[in-house]
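Quick note: the coordinates plus some simple rules give every number you see, no bench work behind them. Remember, predicted model here, so these are calculated numbers, not experimental data. Reconstructed Cβ throughout: ideal geometry from the backbone, glycine too, with neighbour counts over all protein chains shown.
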2 protein chains.
Amino acid sequence: MIIGEQSLKFEKSPYIMEYASVCGHKEGEGPLKNEFDSVYTDDMFGCNTWEKAESAMQKITVNILLRKSCLKPADVRYIFAGDLMGQLIASTFGLLDFGIPLFGLYGACSTMGEALSLGAMTVAAGYADRIVSLASSHFASAEKTFRFPLEYGNQRPYSATWTVTGCGAVILGKNDEINKIKAKAKITGITTGKIVDYGVKDAMNMGACMAPAAADVIKKNLEDFNYNPGEYDKIITGDLGYIGQTILIDLLKAVNIDISKNHMDCGIEIFDSQTQDTHAGGSGCGCSASVLCGHILNKIKTNEWKKVLFVPTGALLSTISFNEGQSVPGIAHAVIIESK
Amino acid sequence: MIIGEQSLKFEKSPYIMEYASVCGHKEGEGPLKNEFDSVYTDDMFGCNTWEKAESAMQKITVNILLRKSCLKPADVRYIFAGDLMGQLIASTFGLLDFGIPLFGLYGACSTMGEALSLGAMTVAAGYADRIVSLASSHFASAEKTFRFPLEYGNQRPYSATWTVTGCGAVILGKNDEINKIKAKAKITGITTGKIVDYGVKDAMNMGACMAPAAADVIKKNLEDFNYNPGEYDKIITGDLGYIGQTILIDLLKAVNIDISKNHMDCGIEIFDSQTQDTHAGGSGCGCSASVLCGHILNKIKTNEWKKVLFVPTGALLSTISFNEGQSVPGIAHAVIIESK
């Protein structure tokens, strides 16, 4: 059902049947270390390139997901997936062997929000009984894509974030039980974001680039559904980090919305910045995806949180656009996740 | 309604309300020159970089589309769009100013099929009254991304295709008339493709890389709907070119499906390879998008063709995956377009 300017409320909410997360060694040393399905201390995941490692991580995640839900690839009708690589090569080679019809997505670090939104729309409309939504990122493949060669050893400013080596995936289904496995949560609504550009050009300060888009979509979500921020146990952004969090809270305070009491950011949660040298926090589309599937859904499954707004946030740039002097616009997609 | 293994048939078919196409100078000298809405003889589109030129072309296309349909950006609920650039920068900067909620897509040259599929699913489910589906490519930005610097002047083998500088966009709507403008066609079904990898590693022979995926999705479409190839006036692939066309027809003949009489390829149609030095044909996600919006829909609007299967085809690679020795898998998405 169409709600307000940018939102949908599902008449029959799709269920999050099962979820899985896989991370690299640094994430496995962080505060959420005991919540991921699997931690690989070898960040190469047994491969000989970083890009193949990211693909391997996706494949492992989907295999764990299918095993946990007692499903075969043929039981999944569509997969909605993306990563940060140019031309989505991590997803191409990671998902090739499953033979599931694929919708490739790019929303920078907001991709898990996009994948959950389109996946939920698809299941709620009766187009599929079961779909998979997935996103991943890998520290080394992302640094190679967006920043400096690792061997160069450049110093990172304190506003920089650390790309998470991680993958998160969920199965969305129309029934609250499959194979005697009960659903863990449900998606009751979405708010789809616009590109928002405040003209920030500092690619080492992604939080500042993305915060305006996060503020825009959170404000729109509250308006469209006529909610106060207190409606949600948590309003959870993807990877704004400490600097982006401050900007987000300030931007919303300026329009009389106070989320300071219930805001949480996946990028802040996944690392201990004091001991792990991650500066402003974690980032990458694997950050929000793995924290969703390695922390947030654990809290919702056990009813500790009854309703959250999950808002993965993306910074839209490439090295080409950056080197040609373009700004770094942001985009964010909001998903309402509730306990069953 | 779910049909067969990979297809959907829409109970209430979304309408193609209006469409628009913009191309560069070479496309404007080709066989379809009189069918595009606008031909720019300046391939820079007034900008100082190729990437900005591609963004400008997208912006011009959407503006023409909105003007033709007497709509404002606020009348469009979602835009489903993509291009070939790493991290979709052509779409980011091309669509930023419209302020329409965006789903960024990457399906290589199959992106227009993906955008039409998701757009049609969204409208048919009642999630939006009107959406825009769009894809673009630009010869120079694509050569820079995937091949050699233009200044290097490398020789192209005869199996190589020429990336189309073009953009095509449609408005899909739930009613067959808006603002007294009548709909031009309708989308009655889709078949969503899987990644198909025959292990081809020659990035200068995209037709061979993509033909297996096209064959797979066409076969599945005919099976799912229980059709013979003759059901369609035309079965139209995106950018297989001459070599890919031969492979496609042979692959399908091997499973007793003969599409030789009604197959057409956008990459073959858009250029005159004899006089325009384009070798195997045109390519790029702007190829199928601009031929759809600058030729195919003209034929359907006037009832010359009553029913076509539109199958944009994508080759999934980046320079990184290619240089690391990976193969070039293909993907294709099929869309059934019928006259009103």
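Couple of notes before you dig in:
- Contact order normalised by residue count of the stretch B:2-178, Cα under 8 Å, 6+ apart, percent: 31
- For chain A, the relative contact order is 25 percent, taking Cα pairs closer than 8 Å that sit 6 or more residues apart in sequence and dividing their mean separation by the residue count.
- The separation of the stretch B:278-307 from the stretch A:1-56, counted between C-alpha centres, amounts to 39 Å.
- Global form of the stretch A:1-157, assessed from the alpha-carbon gyration tensor, a/c cut-off 1.5: prolate
- Averaged over the residues of A:327-340, the number of partner chain Cβ atoms lying within 10 Å of the residue Cβ comes to 1.
- Projecting the Cα atoms of A:Ala128, B:Asn154, A:Asn256 onto the charge dipole of the protein assembly as shown (Cβ charges, centred on the Cα centre) puts A:Ala128 farthest toward the positive pole.
- If R0 is taken as 41 Å, the Cβ-Cβ distance between B:Lys68 and A:Asp42 corresponds to a FRET efficiency of 0.15.
- Counting Cβ atoms of other protein chains within 10 Å of each Cβ in A:121-129 and taking the mean gives 4.
- ³J(HN,Hα), Karplus 6.51/-1.76/1.60, whole Hz, each residue of the stretch B:279-288, x for Gly, Pro: 6, 6, x, x, 8, x, 6, x, 5, 5
- As a rough guide to protection, the peptides A:123-136, A:64-77 ranked by mean Cβ packing within 10 Å, highest first, stand as A:123-136, A:64-77.
- Set A:Lys186/B:Lys340; B:Lys201/B:Lys306; B:Lys9/B:Lys33; B:Lys9/B:Lys68; B:Lys174/B:Lys306 screened for pairs whose C-alpha atoms are more than 27 Å apart: A:Lys186/B:Lys340; B:Lys201/B:Lys306; B:Lys9/B:Lys33; B:Lys9/B:Lys68
- At 7 Å out from Cα toward Cβ: B:Gly99 inter-copy label distances (nm, ascending): 4.9
- Global form of the stretch A:135-289, assessed from the alpha-carbon gyration tensor, a/c cut-off 1.5: oblate
- Gyration tensor verdict on the stretch A:67-127 (Cα atoms; rounded if a/c is under 1.5, prolate if a/b is larger than b/c, oblate otherwise): oblate
- Inter-probe distance in nm under a simple model that places probes 7 Å from Cα toward Cβ, at B:Met204 and B:Asn34: 3.8
- DSSP bridge orientation in chain A - percent antiparallel, rounded to nearest 5: 65
- Shielding by partners - mean other protein chain Cβ count within 10 Å, residues of B:2-10: 2
- Dipole orientation for the stretch B:185-338: of the candidates B:Leu240, B:Gly189, B:Leu292, B:Gly189 has the Cα lying most toward the positive pole (charges on Cβ; Lys, Arg +1; Asp, Glu -1).
- Considering only beta bridges that DSSP places wholly inside the protein assembly as shown, some 65 percent are antiparallel.
- Ranked from shortest, the separations from the 7 Å Cα-to-Cβ label point of A:Glu223 to its equivalents in the other copies are 4.9 nm.
- Over the residues of chain A, the helix contribution to mean residue ellipticity at 222 nm works out to -9000 deg cm²/dmol, using -39500 (n - 2.57) for each DSSP H run of at least 4.
- In loop segments of the stretch A:132-189 as defined by DSSP, the trypsin sites (Lys or Arg not before Pro) with at most 13 further C-beta atoms inside 10 Å of their C-beta are A:Lys180.
- Part-to-part distance (alpha-carbon centres) for the stretch B:86-163 and the stretch B:221-266, which is given in Å: 24
- A point 7 Å from Cα along Cα→Cβ stands in for A:Gln155, and the other copies hold the same point at 5.2 nm, listed in rising order.
- Counting only Cβ charges, +1 for Lys and Arg and -1 for Asp and Glu, the dipole size of chain B around its Cα centre is about 920 debye.
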